[in-house]
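Below is one structure, written out as structure tokens; the observations come after it.
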Amino acid sequence: MKTRNLLLSVTLMLLSFTSFAQSGWDAHLAKLTSAVKVKAGIFGLDHSQWAGKSTLILPMDELKFIILGFDKPNDILGSGTKINGTSYKATKADKTIMVLKHGRDGAVCYKTAKAVIISKFNEADATPAQVVTATQKFADYLKGLGY
């Protein structure tokens, strides 16, 4: 009985921590989404989604391609990438940042030591320069926290 109660207590603690951690990441993401109108998400380099599940969800194959693209930016510059099934052309790509364009829609992907921030936008709401600046500032904020 004691073992069962202990397991139940540990399970409840883990569920509480997971819920807190996820809501904590969404609170961090609000720093970006309040600075500029974007649909954004924070994704771990292990392909897990840390925040933004209510605004930006990516299919696993697209997320993997974006993360791998930071190691091979010339591939992204040549072929572009997809976000939610839509093809985006890369206007800039290196080991840290990707700027993507599809008509009046765009996206900025920024890599930190442990995560990738993806900000998707429409030019009616924000310019590419505004989104690049806001996403980079947010990435710098996460880097300052060790991420």
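Residues that are in contact (Cβ under 8 Å) with a residue 24 or more places away in the chain and assigned to a loop (DSSP other than H, G, I, E, B) were ranked within the range 118-130; the one that is surrounded by the most Cβ atoms within 10 Å (Cβ to Cβ) is Ala126. Checked against (1) aliphatic (A, V, I, L, M); (2) farther than 16 Å from Leu145 by Cβ; (3) touching a strand residue (DSSP E or B) at 6+ places or on another chain (Cβ under 6 Å), Leu58 meets all criteria but (3).
Identify, please: which residue in the range 131-147 is farther than 20 Å from Lys101 by Cα and more than 12 Å from the chain's Cα centre (by Cα) and is, among those, surrounded by the most Cβ atoms within 10 Å (Cβ to Cβ)? The selected residue is Tyr147. In the set (1) assigned to a strand (DSSP E or B); (2) closer than 17 Å to Val36 by Cβ, the condition left unmet by Thr133 is number (1).
When you look at Gly44, is it under 24 Å from Gly144 (Cβ atoms), touching a residue at least 24 places away in the same chain (Cβ under 8 Å) and in contact with a strand residue (DSSP E or B) (Cβ under 8 Å, 6 or more places away or on another chain), yes or no?
Here the answer is yes, as Gly44 does meet what is asked.
For the range 82-101, the condition holds for no residue, the condition being that it is in contact with a helix residue (DSSP H, G or I) (Cβ under 7 Å, 6 or more places away or on another chain) and among the hydroxyl-bearing types (Ser, Thr, Tyr).
Readers should treat all values here as calculations from the given coordinates under stated rules, not as data from a laboratory. This one's a predicted model, so the numbers in the text were calculated from it and none came from an experiment. Positions of Cβ are backbone-derived with ideal geometry, glycine not excepted, and every protein chain shown enters the neighbour counts.
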